[in-house]
1. Between SER123 and SER60, what length comes free when the chain is fully extended (0.36 nm per residue of separation minus the Cα-Cα distance, one decimal in nm)?
2. How many percent of all Cα-Cα pairs in segment 228-272 sit more than 17 Å apart?
3. 7 Å from Cα along Cα→Cβ at both ARG79 and LEU174: what's the point-to-point distance in nm?
4. Quick one: compute the contact order of segment 2-120, relative version, from alpha carbon pairs under 8 angstrom and 6+ residues apart, as a percent.
5. Hey, what D do you get for segment 138-213 in µm²/s if you plug the Kirkwood alpha-carbon radius into Stokes-Einstein at 25 °C and 0.890 mPa s?
6. Which lysines does LYS83 reach when only Cα atoms under 25 Å apart count, and residues fewer than 8 places away in its own chain are ignored?
7. Straight-line reach only, C-alpha to C-alpha below 30 angstrom: list the lysines that LYS199 could link to, leaving out same-chain residues fewer than 8 apart.
8. Under a plain spin-label model, where a point goes 7 Å from the Cα along Cα-to-Cβ, how far apart in nm are LEU202 and VAL130?
Amino acid sequence: MAEECVPEDLDLKEMGEEELWELINDNRHRISLGVRPCILIPYLRQARVLSEMDEDEILSCHNLTNRCMRTSHMLDLLRTQGKNGGMALLESLMIHYPALYTQVTGRKPSTEPSRFSGLIKYSELTEYLVRAVTGMQKELQEARNEASKLRAHCASLEADISQMMEQEMKSRNLRTDNERIQRHLCSLQREVTKLKDEKCDLYIRYTAAIEEKSAVNGRLHELNLQARQDILAQDLAEAIDSQVELAEQLRSYREENEQLLRDKKKVCLFLFCFFPSVVTVTGPGNVTQIQPVISDGK
């Protein structure tokens, strides 16, 4: 690791094979995770520490199912090349992964020829570095373009996220309003059910009141009929009593009249017997009047 790297004043070329590979193996996990073998293989091929067969095995072996396994297998193949394999690996890291190179060795990367081990001729190294720099510049430009696209895409995504958040806020408000309306609707439904129950109760009470009123009216009709019958019976009884009383008075009047007639006859008979000159005259109203007979000269 960077904290365990060789001192800055010690050249990597002066390190022994075991010391060099101990430095690499201490960072093996970091290298396996951060390196793509296809990037380093062209330099390692040119440094003659990997063959074409090694390249095919690293890139095409079906047993190596992911990038970390391929990178780890590449390190194993480089380990068989001794110190040259380790130096070529570090030099390829310095060119293509300068940040990782600094983490592994604790040194700043440099493209000066004196920093290389001489595994590649100067002219070939210069040509490779030019190609590498050109490739990296191209990759940098592509990365910048991709970054620009990503920034534009991120801005679009941020706008979409902002719009989605706004929609989510509106949706949350709508859900809140819907929940409030649902609660109000449930309350209204309970009120409607309560009103229906009260209406049913009132209808039952109304029906009972109508039946009671009908019974009362029937009873009142019966009572009125009975009262009328009682009144008529009483009037009939009073009429009968009055008729009996009138009949009794009439009988009494008849008896008195008959008694008066008998008395009259007796008086007339008495007068006729004792006063023959007195005659009886029937006056108005069948009233018998007694008048004396006056003879001439007597």
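Since every read-out is calculated from the coordinates, none of them should be taken as a lab result. Here the structure is a predicted model, which means the values were calculated and not measured. Neighbour counts are summed over all protein chains in view; Cβ atoms, including those assigned to glycine, are modelled from backbone coordinates with ideal geometry.
1. 19.5 nm
2. Tail of P(r) above 17 Å: 57 percent of Cα pairs.
3. 6.2 nm
4. For segment 2-120, the relative contact order is 36 percent.
5. Here the translational diffusion coefficient equals 135 µm²/s.
6. Qualifying lysines at Cα under 25 Å: LYS13, LYS108, LYS121.
7. LYS213
8. Label-label distance for LEU202 and VAL130, simple model: 10.4 nm.
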